[in-house]
Amino acid sequence: MTDFAATKAMFDLPKDVIYLDGNSLGPLPHAASGRVSDMMTREWGQMLITGWNKAGWMAMPTKLGDRIGHLIGAEPGSVVTGDTLSIKVYQAVASALELRPDRKVVLSDSGNFPTDLYMVEGLLRSLGPEYELRVVAPDEVPGSITEDVAVLMLTEVDYRSGRLHDMKALTELAHANGTITVWDLAHSAGAIPVDLSGCSADFAVGCTYKYLNGGPGAPAFVYVAPRLAERVRPALSGWLGHEAPFAFDLDYRPGDGIERMRVGTPPVIQMTALSAAMDVWDMADIQDVRAKSIELTELFIERVEAACPGLELASPRDPEQRGSQVSFRFADGYAAMQALIAHGVIGDFRAPDIMRFGFTPLYIDAQDVEHAVSILADIMTNRLWDTPEFKVRQRVT
Ligand SMILES: Cc1ncc(COP(=O)(O)O)c(C=O)c1O
């Protein structure tokens, strides 16, 4: 059984703050600053360029990939870290399309995060006018996997509502139709158990700055099923994905398996912070995390509905149908969230009217939830949000 008091003690959380936004940016793992400082002074400072070999910097992308892979049911050697999630989406969809050259449609849903849709729009524009991005409502996805669909690209947990797609069923449906799947696990990795191998998923991508707590700008990851890895031709064919980067050949030859999904120089400082964050995950069982997360989200919904009648639940009521976040709709949600933050409870806001709260058992417990709801209730009952200062929109909401 995971000791959640012990995992909570591994984070530097500010006093008097209840942090319900770890679904957007995880907090600082206590060990990360020391680890990064050591990497900078002892490795970068003293080893200089020899750190690539001596300190193992060059192997970090796949080492970290395996540690993340453990949380998402990936086979060893099938995940690599690097770049940003937007880049990894592009890479995965481009490779998936090349595996189905006879079809020209990428199917996605309107609950997907915009960058996924934007990246595919840009990719398809460069491939030619015969390519199409088809976007349907989330519940229309199963009926829309038609014979012309080359790639089904979905985010498993909807970033706004927390609604969960059935990865196994949709992957099966896609495969029965000869469609290749790309799953975005941004709101899944570290939030819910994922079984990429058991689902026979083809490609998956995700970020490490949310539930994995790798820090702002932490690298993304990409998964390619081992049965496909040697057939995949990377569209972003950077030198570090080459079979022999230090041969400096003029022609590109893809590296072994997942190594070919590397692009350029890895962000070693960020990866060092991520490795400290992954140490916390070594102490946790994702099944325990899921069970606790359901307890916390159920408690939150029950208490908010009792105390704040003006808020309307925007997440599925059935915990099996949602990820590790809960959203409520409120017309003045932006101002209400600003007021809440000013009172020490941090969540976030997604236009047009969604107040979003993430539940992360590694460092949030039932007492935090009760306390957060009492502050929210005070703000709603006494309209503490209804002041000009809370209505000024900031750049990041
Ligand atoms: C589902 C999903 N995909 C992609 C992104 C963003 O990608 P990037 O890390 O490139 O900013 C997010 C950011 O929250 C997301 O929620």
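The values are calculated or read from the model by the stated rules, or taken from the named source; none is laboratory data. Source: prediction; values computed, not measured. FYI the Cβ positions are ideal-geometry reconstructions off the backbone, even for glycines, and counts take in every protein chain you see. All accessible areas refer to the heavy atoms of the entire protein, side chains included, with ligands and DNA or RNA removed. Shrake-Rupley method; radii C 1.70, N 1.55, O 1.52, S 1.80 Å.
If you split all Cα-Cα distances of the range 1-61 into 5 Å bins from zero, what percentages do you get per bin, shortest first?
For the range 1-61, the binned pair fractions read 4, 15, 16, 18, 13, 13, 12, 8, 2 percent.
Explain nothing, just the number: dipole magnitude of the range 327-372 about its Cα centre with +1 on each Lys and Arg Cβ and -1 on each Asp and Glu Cβ, in debye rounded to the nearest 20.
180
Taking 0.36 nm per residue of sequence separation and subtracting the Cα-Cα distance, how much length would be gained by fully extending the chain between D256 and H371, in nm to one decimal?
Between D256 and H371, full extension yields 36.3 nm more.
Just how large is the dipole of the chain about the Cα centre, in debye to the nearest 20, putting +1 at every Lys and Arg Cβ and -1 at every Asp and Glu Cβ?
Details: 35 positive and 53 negative charges, 181 e Å.
That gives the chain a dipole magnitude of about 860 debye.
Just for the chain, what percent of DSSP beta bridges are antiparallel, to the closest 5?
Of all bridge pairs located within the chain, approximately 55 percent are antiparallel.
Starting from the Cα coordinates of the chain, work out the convex hull volume and express it per residue in Å³. If you can, show how the numbers build up before the last one.
Numbers: hull volume 57.8 nm³, N = 397.
Enclosed volume per residue, from the Cα hull, is 146 Å³.
When the helix-only estimate is applied to the chain (DSSP H runs of n ≥ 4, each -39,500 (n - 2.57), divided by the residue count), what is the mean residue ellipticity at 222 nm, nearest 500 deg cm²/dmol?
When only DSSP H runs of four or more count, the value is -10500 deg cm²/dmol.
Rounded to the nearest 0.05, what FRET efficiency do N382 and D166 have when you use their Cβ-Cβ distance and R0 = 30 Å?
Efficiency, from the Cβ-Cβ distance: 0.10.
Do any trypsin sites (Lys or Arg not before Pro) in the range 321-397 lie in a DSSP loop with no more than 13 other beta carbon atoms within 10 Å, and if so, which? Present the calculation step by step, with values, prior to reporting the outcome.
Values: sites: R322, R329, R350, R356, R383, K391, R393, R395; in loops: R383, R393, R395.
Filter output for the range 321-397: R383, R393, R395.
Counting only protein heavy atoms, what percent of the accessible surface of the chain is carbon or sulfur at a 1.4 Å probe?
55
Taking amide H positions as placed 1.01 Å from N in the peptide plane, with prolines and chain starts having none, which residues 5 or more places from E243, or on another chain, fall under 5 Å of its amide H?
R253, G255
With a ≥ b ≥ c taken as the square roots of the eigenvalues of the C-alpha gyration tensor of the range 152-256, please select rounded if a/c is under 1.5 and otherwise prolate if a/b is larger than b/c or oblate if it is not? Mind showing how you got there, number by number?
On the way: a/c = 2.80, a/b = 1.42, b/c = 1.97.
It is oblate, given that a/c is not under 1.5 and a/b is not larger than b/c.
What FRET efficiency would be calculated for the residue pair E298, S200, taking the C-beta separation as r and a Förster radius of 25 Å, to the nearest 0.05?
The pair E298/S200 has a calculated efficiency of 0.20.
Please list F113, F203 from largest to smallest accessible area, probe radius 1.4 Å, with all protein chains kept in place.
Final ranking, largest accessible area leading: F113, F203.
Label-point separation (nm) for E130 and E305, each offset 7 Å from Cα along Cα-to-Cβ?
5.2
How far is it, in nm, from the label point at R100 to the one at R395 when both lie 7 Å from their Cα along the line to the Cβ?
Distance between label points: 3.9 nm.
Name the shape class, rounded, prolate or oblate, that the alpha-carbon gyration tensor gives for the range 88-143, where a ≥ b ≥ c are the square roots of its eigenvalues, rounded holds for a/c under 1.5, and otherwise prolate holds if a/b is larger than b/c and oblate otherwise.
Numbers: a/c = 1.75, a/b = 1.36, b/c = 1.28.
Cα axes put the range 88-143 in the prolate bin.
Relative contact order for the range 216-349: what is it in percent, counting Cα pairs under 8 Å that are at least 6 residues apart?
In percent, rounded to a whole number, it is 15.
Give the span of the range 76-183's Cα atoms along each principal axis, as three whole-Å numbers ordered largest to smallest.
That gives 33, 32, 29 Å along the principal axes, largest extent first.
Over the Cα atoms, compute the radius of gyration (one decimal) and Dmax (the largest Cα-Cα distance, rounded to a whole number) for the range 203-245, in Å.
Just the Cα atoms of the range 203-245 yield Rg and Dmax of 13.1, 34 Å.
Within the chain, which is the longest segment that contains none of the GluC sites (Glu not before Pro) sitting in a DSSP loop with at most 16 other Cβ atoms within 10 Å?
Between the exposed loop sites, the longest stretch runs 244-397.
Give the percent of DSSP beta bridges with both residues in the range 54-188 that are antiparallel, rounded to the nearest 5.
Percent antiparallel among DSSP bridges in the range 54-188 is about 5.
Given axes a ≥ b ≥ c from the Cα gyration tensor, I'd like to know whether the range 61-105 is rounded (a/c under 1.5), prolate (a/b larger than b/c) or oblate.
Since a/c reaches 1.5 and a/b is larger than b/c, the shape of the range 61-105 is classed as prolate.
May I ask for the angle, rounded to the nearest 10°, between helix 167-176 and the longest principal axis of the chain, with both axes built from Cα atoms and the value confined to 0 to 90°?
Roughly 40 degrees, rounded to the nearest 10.
What FRET efficiency would be calculated for the residue pair D285, E230, taking the C-beta separation as r and a Förster radius of 35 Å, to the nearest 0.05?
Approximately 0.60, to the nearest 0.05.
In Å, what Kirkwood hydrodynamic radius results for the range 113-155 from the alpha-carbon pair distances?
Numbers: mean 1/r = 0.0880 Å⁻¹.
After inverting the mean inverse Cα-Cα distance, the result is 11.4 Å.
Over the range 279-360, what portion of Cα pair distances is larger than 20 Å, expressed as a whole percent?
36
Show which aspartates and glutamates lie in cross-link reach of K168 when reach means a straight Cα distance below 16 angstrom and same-chain residues fewer than eight apart are skipped.
Partners found: D139, E156, D184, D195, D202, E320.
Quick one: of K8/K292; K63/K88; K8/K391, which pairs are farther than 22 Å apart, Cα to Cα?
Details: K8/K292 13 Å; K63/K88 18 Å; K8/K391 33 Å.
Where the Cα-Cα span goes over 22 Å, the pairs concerned are K8/K391.
Report, in degrees rounded to the nearest 10, the 0 to 90 angle that the Cα long axis of helix 85-99 makes with the longest principal axis of the chain.
With rounding to tens, the tilt is 50 degrees.
Quick one: helix 268-282 against the long Cα principal axis of the chain, what's the angle to the nearest 10°, folded into 0 to 90?
Once rounded, the angle reads 60 degrees.
Please name whichever of L250, L296, V326 sits farthest to the positive end of the charge dipole of the range 212-328, dipole taken about the Cα centre and charges placed at Cβ: Lys and Arg +1, Asp and Glu -1.
Sorting the options by dipole projection puts first L250.
Sort L64, L48 from largest to smallest accessible area, using a 1.4 Å probe on the heavy atoms of the protein chains.
L48, L64
Roughly how many Å is it from the Cα centre of the range 176-222 to that of the range 34-51, as a whole number?
Here the answer is 30 Å between Cα centres.
Taking only protein heavy atoms and a 1.4 Å probe, what accessible area per residue, in Å², does the chain have with all protein chains in place?
Per-residue value: 42 Å².
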